[in-house]
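Let me begin by presenting the structure, written as structure tokens, before commenting on it.
The values are calculated or read from the model by the stated rules, or taken from the named source; none is laboratory data. Note that the coordinates shown come from a computational prediction; the quantities given were computed from them, not determined experimentally. Glycine gets a Cβ as well: all are built from the backbone with ideal geometry, and neighbour counts include every protein chain shown.
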Amino acid sequence: MGVGQLPLNRKDGLRWGPNRALLRPDVRARQNLTIMAHSRALSIRIEGRRAAGVSVVGPDGVNDVGGGEIVLAGGAVGSPHLLLLSGIGPSAHLREHGIDARVDLPGVGRGVRDHPKVWITWRLRDGVSGEIGAPGLQLSARYTATDSDLRGDMMLYPNSIVAGEADGERHFRIEAVNNLELASGRLAWRSADPDVPPAIDLGLLSVEHDRTRIVDAIERSLALGETAPMREIVAGILLPDCRARGVEGLRIIDGSIMPDSIRANTHATILAMAAVMAERMIAGE
């Protein structure tokens with residue numbers, strides 16, 4: 001474990017995905033390849049127990065595309081959603097929404113995971129050189145969280161200079177990331193209409209070990225901010241400032257901004273919140 005340069009699949013500032021890397025002009029000209037632009041899959045056609053085709057809507061309307069084998073590459077959301085729309089998934093869940101359950105696969109839409117991430121942000125000192133827009137991610141640090149038996153489960157990503165909310169503001173931040181989440185969520189079907197997106201519950205931080213590890217990452221980031229090299233470039237940490245989103249000149253400082261119920265009486269906690277925010281407002285934050 002340690003710190004190193006962060007390799008990225010980019011070229012000329014663009015993400016270098018399979019479209020740019022593989023679908024070259026000579027490949028696009030192949031007779032055995034048809035690319036249907038501005039089209040999307042609606043459902044899979046099932047004949048007996050076999051996938052025989054896909055219903056596709058495009059500029060020319062709805063068409064059925066047959067094939068000896070169907071390969072889905074719709075992503076972590078698109079593929080399970082298409083399966084559910086096609087009657088492939090937990091049969092009880094499908095019947096609740098009036099869908100004919102063609103194949104009972106309880107695992108469809110289950111086990112949804114992501115990488116929980118928290119940003120710790122500092123103001124940059126006025127004399128620090130560098131422009132907003134420089135490559136944002138250049139280094140990363142991989143490590144094992146304190147008291148964790150999951151080797152290399154956490155990462156810290158120091159960001160180059162990033163823009164603040166006000167014009168000309170420049171910040172530095174560290175992204176604290178849980179790269180091996182234990183909690184999992186589910187993707188649920190909401191409507192037979194393909195235009196209605198599925199409901200997604202990621203189950204973030206529902207496992208205690210996930211919560212303790214992200215707290216560990218935040219504490220490590222704060223400790224880095226107190227080191228001598230960091231103190232030369234950062235002026236102070238930026239914390240949530242209780243401003244109402246979308247409304248200028250309005251803050252909310254009471255129990256209603258708590259993201260969850262605290263495990264104690266609320267009075268002293270709210271007074272502490274108010275005292276901290278009063279200090280920040282006096283300082284012009």
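For Val196, the conditions (1) within 27 Å of Asp12 (Cα to Cα); (2) free of Cβ contacts under 8 Å to residues at least 40 places away in the same chain all hold with the exception of (1).
Of Ile70, Ile88, all but one fail to be under 32 Å from the mean Cα position of the chain (by Cα), surrounded by 13 or more Cβ atoms within 10 Å (Cβ to Cβ) and over 18 Å from Ala192 (Cα atoms); the exception is Ile70. The selection criterion, being surrounded by 12 or more Cβ atoms within 10 Å (Cβ to Cβ), of a type in the set (Ser, Thr, Tyr) and closer than 25 Å to Arg170 by Cβ, does not hold for Ser206.
With of a type in the set (D, E, K, R) and either outside any helix (DSSP H, G or I) or farther than 30 Å from Gly2 by Cβ (or both) as the only criterion, which of Glu181, Glu219 stands out? Give the steps one after another, and end with the answer.
Numbers: Glu219 fails: either outside any helix (DSSP H, G or I) or farther than 30 Å from Gly2 by Cβ (or both).
Checking each option against the conditions leaves just Glu181.
Among the criteria (1) in contact (Cβ under 8 Å) with a residue 12 or more places away in the chain; (2) within 23 Å of Ala217 (Cα to Cα), the one Ser191 does not fulfil is (2).
Take the conditions more than 20 Å from the chain's Cα centre (by Cα) and either assigned by TED's automatic domain parsing to the domain that holds Ile270 or over 25 Å from Met277 (Cα atoms) (or both) and apply them to Gly236. Does it pass? No; evaluated as a whole, the condition is false for this residue. Checking Gly152, Gly168 one by one, the residue that is farther than 30 Å from Gly249 by Cα and surrounded by fewer than 18 Cβ atoms within 10 Å (Cβ to Cβ) is Gly152 and no other.
Of all residues in region 209-237 being under 23 Å from Gly111 (Cβ atoms) and touching a residue at least 40 places away in the same chain (Cβ under 8 Å), which is surrounded by the fewest Cβ atoms within 10 Å (Cβ to Cβ)? Don't jump to the end; show me each part of the working.
So the first thing to find is which residues in region 209-237 are under 23 Å from Gly111 (Cβ atoms), and the list is 209-214.
In the following step, the residues that additionally are touching a residue at least 40 places away in the same chain (Cβ under 8 Å) were identified as 209-210, 212-214.
Values: His209: 17, Asp210: 20, Thr212: 14, Arg213: 27, Ile214: 21.
Applying the filter and picking the extreme gives Thr212.
The listed residues are Arg263, Arg280, and the only one of them that is surrounded by 13 or more Cβ atoms within 10 Å (Cβ to Cβ), out of contact with any helix residue (DSSP H, G or I) (no Cβ under 9 Å at 6 or more places or on another chain) and either modelled with pLDDT under 90 or not in a helix (DSSP H, G or I) (or both) turns out to be Arg280.
So, of the residues in region 154-212 that are polar (S, T, N, Q) and touching a His at 6+ places or on another chain (Cβ under 9 Å), which turns out to be farthest from Ile99 (Cα to Cα)? Give the derivation first.
At the first step, the residues of region 154-212 found to be polar (S, T, N, Q) are 159-160, 178-179, 184, 191, 206, 212.
Within this subset, residues satisfying the condition of being touching a His at 6+ places or on another chain (Cβ under 9 Å) are 159, 178-179, 191.
On the way: Asn159: 47, Asn178: 37, Asn179: 36, Ser191: 9 Å.
This residue is Asn159.
Please name all residue pairs, on different chains or six or more residues apart, with Cβ atoms under 8 Å, provided the first residue is in region 259-272 and is within 15 Å of Cys242 (Cα to Cα) and the second residue is in a helix (DSSP H, G or I) and of a type outside the set (Lys, Arg). Close Cβ pairs satisfying both conditions: Ile270/Gly255. If the condition is being in contact with a helix residue (DSSP H, G or I) (Cβ under 8 Å, 6 or more places away or on another chain) and free of Cβ contacts under 8 Å to residues at least 60 places away in the same chain, then region 159-188 contributes Ile174, Ala176, Leu182. Checked against (1) part of a helix (DSSP H, G or I); (2) farther than 30 Å from Leu156 by Cβ, Val77 passes all but condition (2).
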